Amino acid sequence: MRVGTVREIKNHEYRVGLTPESVAELVAHGHELWVEAGAGAGIGASDADYRAAGAAIQPDAATIFAECEMVVKVKEPQAGERAMLRRGQILYTYLHLAPDPEQTADLIRSGVTAIAYETVTAADGSLPLLKPMSQVAGRMAIQAGAAALEKAHGGRGVLLGGVPGVLPAKVVVIGGGVVGFNAAQMAVGLGADVTILDRDPAVLERLDNHFEGRARTLYSGRASLADQVASADLVVGAVLIPGAAAPKLVTRAMLATMKPGAVLVDVAIDQGGCFETSHATTHADPTYIVDGIVHYCVANMPGAVARTSTYALNNVTLPHALRIADLGWQAALRANPHLAAGLNVHNGQVTYAAVAHDLGYAHTPVEMVLG
C-alpha cells in the first residue's frame with residue numbers, strides 16, 4: 001500500500017503522523033511511504049531522516065493526497081485538506097466530528113474512509129489511541145493554568161503551590177479519567193490544594209486510594225460542582241463522552257460566583273468544551289476573559305510539546321496502521337472490532353452512532369459496511 005503523511009497546518013501544530021521509525025516499520029512490511037517535505041521539522045526529524053528510513057519525499061501535500069491510498073495525520077483535516085480527499089482513500093487521524101459539522105459534511109461529500117484515533121477502543125472499553133494525548137493534555141493543563149493565573153496574563157496572581165505562610169491555590173478537576181488523573185498528579189506535585197470530581201464511585205475510590213489524602217475526591221452533583229467551582233482558583237475541565245459532544249457542566253451563571261481572575265482550562269474543547277463560555281483558541285492566542293474569568297481553550301494542547309507527543313502517539317497508532325496497510329481496511333476492521341470502532345465515516349455514510357446522533361445524520365452501523 002502507498003501510505004503518506006503530510007505537514008500539519010493547524011495553528012502551531014508541530015506533531016507529525018509518522019516518525020521516521022514508524023516509516024521504517026511500514027517499509028519493512030513492504031509498503032511504499034511518501035512524506036511531505038518538512039513534515040517532521042517540528043519534532044526534529046529531517047527529510048534526510050525520512051529518506052534513510054525508506055520514504056520518498058514529496059514536494060507538497062497535494063501530491064500525497066492525490067496519490068496515496070492511506071493518509072496518516074495527527075489533527076483533523078483542515079478545509080483545504082478536506083477538498084483533496086477522495087472516495088476510496090483511507091484517512092487515519094484524530095477527527096473529533098461531533099462538535100464539527102463542517103468537517104463532517106466535507107468528509108461525507110468526499111467519500112473517504114475516515115478512521116478516528118479517538119474512538120478506537122481496547123478490550124476493557126478504554127480509548128488507547130486517545131490515552132497518550134490525554135496524558136499529555138492533562139499534565140499541560142496544570143502548566144497552562146499556572147501560567148494563566150499569573151497577574152500579567154490576567155489571572156489572580158496566585159502561585160499554585162503557595163509558599164510557607166501563604167495557602168496554595170485551590171485546583172478543581174472535573175472528571176477523573178486519564179486527563180483528570182494526570183492533571184491532578186501534576187497539581188499535587190506542585191503542592192496545590194486539589195479536589196477531583198466524578199460521578200463514578202469506582203473512579204472516585206481508585207483516585208482516593210492512589211492519592212492517599214494528597215487530593216480529595218467528591219461526587220459530582222449540581223450542588224457540589226457549583227460549590228467547588230465558586231471556591232476554585234483553577235478549574236480543569238476533563239470530561240469525555242467518547243465520540244460525542246462534551247456536556248456543558250460549568251454555566252455562564254457560575255462564572256459570577258467565581259473569584260475574579262480565576263482560570264478555566266477546558267481540555268474537552270476538542271469535543272466542543274465542557275464550559276458554556278468555551279470556544280476554541282490557539283497556541284498563538286490561547287486565552288480570553290469572560291466575566292473576569294480567564295479561559296484557556298487551546299484545541300491542540302499536545303502540539304506544543306510535539307516531539308514527546310508524536311512519539312507517544314506513534315507508539316499506539318502504528319500497530320493499527322500496519323494492520324490496515326497489510327490487510328486492507330476492510331479485512332483489518334473485520335479482524336479487530338476495537339479498530340472497527342474507529343470508523344466514523346465511509347463512502348458518504350456516518351458509521352459512528354454518537355456523531356450521527358449529535359449532528360442529525362442517519363447512522364449506518366459498521367457491521368453493515370463491512371458485510
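What to note about this one:
- Nearest-ten-degree value, helix 178-189 long axis tilted from longest Cα axis of the chain: 50
- Magnitude of the charge dipole, the chain, Cβ model with Lys/Arg +1 and Asp/Glu -1, debye to 20: 360
- Estimated from helices alone, the mean residue ellipticity of the chain at 222 nm is -10500 deg cm²/dmol (sum of -39500 (n - 2.57) over DSSP H runs with n ≥ 4, per residue).
- Helix axis angle, 201-211 relative to the chain longest principal axis, alpha carbon, degrees: 70
- Counting only alpha carbon atoms, the long axis of helix 131-148 and the longest principal axis of the chain meet at about 40°.
- Extension gain, Ala280 to Ala230: 0.36 nm times the residue separation minus the Cα-Cα distance gives 15.7 nm.
- Burial ranking of peptide ranges 15-27, 262-274, 199-211 (average Cβ count within 10 Å, highest at the top): 262-274, 15-27, 199-211
- Computed from Cα atoms alone, the Kirkwood hydrodynamic radius reported for region 1-139 is 15.5 Å.
- Just so you know, the Cα atoms of region 131-299 work out to an Rg and Dmax of 14.3, 46 Å.
- Projecting the Cα atoms of Gly125, Ser278, Thr257 onto the charge dipole of the chain, computed from C-beta unit charges around the Cα centre, puts Thr257 farthest toward the positive end.
- Once you divide the Cα radius of gyration of the chain by 2.2 N^0.38 Å, the number left is 1.01.
- Using only side-chain charges placed at the Cβ, +1 for Lys and Arg and -1 for Asp and Glu, the dipole size of region 285-368 relative to its Cα centre rounds to 320 debye.
- Dividing the convex hull volume of the alpha-carbon atoms in region 212-259 by its residue count gives 105 Å³ per residue.
- Here the simple spin-label model places points 7 Å from the Cα toward Cβ, and for Ala122 and Asn315 these points are separated by 1.1 nm.
- Listed residues Pro20, Gln135, His31: farthest to the positive end of the dipole of the chain (Cβ charges): Gln135
- Mean Cβ neighbour count within 10 Å, used as a protection proxy, ranking 212-224, 298-310, 246-258 highest first: 298-310, 246-258, 212-224
- Dipole check for region 131-299: with +1 at the C-beta of Lys and Arg, -1 at the C-beta of Asp and Glu, and the Cα centre as origin, the magnitude is about 80 Debye.
- Cα centroid separation - region 5-39 against region 313-357, whole Å: 19
Values in this text are rule-based calculations from the coordinates and carry no lab data. Because the structure is predicted, anything quoted here is derived from the model rather than measured. Glycine also receives a Cβ, built like all others from the backbone with ideal geometry; neighbour counts cover every protein chain displayed.
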